[in-house]
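Below: the structure, in structure tokens.
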Amino acid sequence: LKQRAESSLFDFLGAAKGNLIIGGSTIPSGYIIPKLIGPFSKKYPDITIELRAGDTRQTVSRVADGNIEVSIVGAKVDDPMVTQEKLLADQMKLIVPDGHPWAGKSEIECSRLSTQIIISREKGSGTWQSVVDSMVLFGFNPNDLNICVTMGNTTSVIQGILNGVGISILSTIAVEDELKKGRLSALSVKGLDLDRFFYLTYAKKRTQSPLCKKFITFARNHFTPDIS
């Protein structure tokens, strides 16, 4: 309460100062929020930011419980305690290593996924839940996948692909550098709608602090013009 009162006073005086806790699921905390913090900190140099990472379920739960004020996550959740709004579009694709028989292709049939060793993300991952939901809508049973290993974060999955453990479906934002280097290739999966959004998430009935409001406004202005 003291921190919020001090932040309100600084905001009233025309200066934004204080500490803001931001949550992010795996992709946002690793690849999106750091890029957002840079220009935000330049605009508000007296605001310090603490970033807490977790999977989508953990991060949304922290917002609902009041442990963090705002987060960016990779999936819509069914939680009446939070409000979610589209912030940034994302495209997921099948990611294979250089030298894989499919590396030169642009698209692959969904049914052929069952012939490959697949690396999945942990339960609670917004990315993987989006993949599973899309498969179910298409009529493909996710249980038919040959999942050899489950990994807890995207970095581990990328390293697994690079080291021949298997292939996976990932956000192209997360593998952008490896795609440019030619170490990985990205394919569409015919029949699967793998487009999604990252969501700005905050408590529905709790009033945001002035610092949180500034961050939300900044994030909206930074990303949402790109959403068609």
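Obtain the radius of gyration and the Kirkwood radius of segment 186-228 from its C-alpha atoms and give Rg over Rh.
Values: Rg = 15.5 Å, Rh = 13.2 Å.
The Rg/Rh ratio comes out at 1.17.
Report the local net charge at HIS100: Lys and Arg +1, Asp and Glu -1, summed over other residues whose C-beta lies under 14 Å from its C-beta.
On the way: positive: LYS93, LYS105, ARG112, ARG183; negative: ASP98, GLU178.
Summing Lys/Arg as +1 and Asp/Glu as -1 gives +2.
Using a 1.4 Å probe on the protein chains only, how many percent of the accessible area of the chain belongs to carbon and sulfur?
In the chain, the share of accessible area belonging to carbon and sulfur is 49 percent.
If CYS110, CYS148 are ordered by their accessible area, calculated over protein heavy atoms with a 1.4 Å probe, which sequence runs from highest to lowest?
Values: CYS110 0, CYS148 70 Å².
The residues order as CYS148, CYS110, largest area first.
Below 17 Å, Cα to Cα, which aspartates and glutamates can LYS205 reach? Residues fewer than 8 away in the same chain don't count.
ASP65, GLU69, ASP78, ASP79, GLU85
Highest GNM mean-square fluctuation, the chain, Cα pairs closer than 10 Å: which of GLN58, GLN84, GLN159?
GLN159
Need one number: the % of Cα-Cα pairs in segment 67-185 sitting beyond the 23 Å mark.
Details: 2317 of 7021 pairs.
In whole percent, the long-distance tail amounts to 33.
What number comes out for accessible area per residue over the chain if the probe is 1.4 Å? Units Å², please. Don't skip to the end; give the middle numbers.
Working: 11330 Å² over 228 residues.
Normalised by residue count, the accessible surface of the chain is 50 Å².
Just to confirm the number: angle between the C-alpha axis of helix 210-223 and the first principal axis of the chain, 0 to 90 degrees, nearest 10?
Orientation of helix 210-223: about 40 degrees from the principal axis.
Cα to Cα, under 22 Å, and not fewer than 8 places away if on the same chain: which lysines meet these conditions relative to LYS123?
Of all the lysines, those that pass the test against LYS123 - Cα under 22 Å, at least 8 places apart if same chain - are LYS76, LYS93.
The values are calculated or read from the model by the stated rules, or taken from the named source; none is laboratory data. It should be emphasised that the depicted structure is a prediction, and the values quoted were computed from it without experimental measurement. As a convention, Cβ positions derive from the backbone with ideal geometry for all residues, glycine included, and neighbour counts pool all protein chains shown. Ligands, DNA and RNA are stripped out before the accessible areas are found, and what is left, the full protein with its side chains, is counted by its heavy atoms. Shrake-Rupley method; radii C 1.70, N 1.55, O 1.52, S 1.80 Å.
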